[in-house]
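The values are calculated or read from the model by the stated rules, or taken from the named source; none is laboratory data. Note that the structure is predicted; figures quoted are calculated from it, not measured. With ideal geometry, Cβ positions are generated from the backbone for all residues, glycine too; neighbour counts draw on all protein chains shown. Side chains included, ligands, DNA and RNA excluded: accessible areas come from the protein's heavy atoms. Shrake-Rupley method; radii C 1.70, N 1.55, O 1.52, S 1.80 Å.
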Amino acid sequence: MPTPTPESESGQPGRSSDSATSPTATRLAAFASSRGRYYAVFLAVFCAVLIISNISATKVIGFGPIVTDGGAFLFPIAYILGDVISEVYGFRAARKAVITGFGLQILATFVFWLVLISPPGPGYENQDAFAAVLGFYPRIVAASLVGYFVGQLLNSWVLVAVKRRMGESKLWVRLLTSTGVGEFVDTLLFCVIAFAGVIPGLDFLNYIIVGFVYKVAVEIVLMPVTYRVITLVKRHEPSYELVEGS
């Protein structure tokens, strides 16, 4: 009988684990095709999370000394989904997701603007409330698009670059490294563009620091879930195989 092929932490037969001794094996990087079984699902959820987060971000919220915005509840999930897409499908697939989300955000902004400038119908008395919430949305979207576009691309690029260097081993290293770089740039750009001059003085600095620490903390707390999702997708994505790069 043939000897069973061991599985690594990625869940893929024959992939090197942290304890692998072959220098060549640890340098190989595996990716799946973006035409694979689950990519479209991750892409749809990624875009939905992004749009919902940016609508929620129109409200600044405070829990005692902690100042943040409503997008904090969901936006970190966008980076986790970005990690999954980058790790499993590679940089080109992650770039496609980022550009798709970018386009949908522009579409959402245009539609909200059209609704906002349209005259209220008979009996509609909430025009001022609607304008107060979604009238601020274009600035939020501008901030989000710049921060998200740069941050997500950096997140994906760093993750894939580290993976090509280390292979399938030590997933936690590339998750933390890519998130730290991407979230810092994203948070800084978003906060400056969206709320500079709106949130005063030290509260603004607090807002930037809390936003960054919170997003990275969410990534760390949910890392076991991210690990599990990545392992399952790798195991059940038929096109996932060792390649030179993606």
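Quick notes on this one:
- Contour minus Cα-Cα distance for R139 and L116 (0.36 nm per residue): 6.8 nm
- Residue order for D203, D69 - accessible surface, 1.4 angstrom probe, largest first: D203, D69
- Accessible area (Å², per residue) of region 39-126, counting only protein heavy atoms and a probe of 1.4 Å: 48
- Contour excess over end-to-end distance, with Cα ends at F130 and F63 and 0.36 nm allotted per residue: 21.6 nm
- Shape class of region 155-246 from the alpha-carbon gyration tensor: prolate, with a/c at 1.5 or above and a/b greater than b/c.
- Here each label is just a point 7 Å from Cα along the line to Cβ, and for A48 and S239 those points are 2.2 nm apart.
- Taking the protein heavy atoms of region 167-208 in the context of the full set of protein chains, the accessible area attributed to carbon and sulfur is 80 percent at 1.4 Å.
- Listed by chain and number, the lysines whose alpha-carbon sits under 28 Å from that of K163, ignoring those within fewer than 8 places in the same chain, are K96, K215, K234.
- Approximating the spin labels as points 7 Å out from Cα along Cα→Cβ, the L205-to-W172 distance works out to 3.3 nm.
- Gyration tensor verdict on region 27-158 (Cα atoms; rounded if a/c is under 1.5, prolate if a/b is larger than b/c, oblate otherwise): prolate
- Among the GluC sites (Glu not before Pro) within region 161-246, those in coil by DSSP and having at most 10 neighbouring Cβ atoms inside 10 Å are E244.
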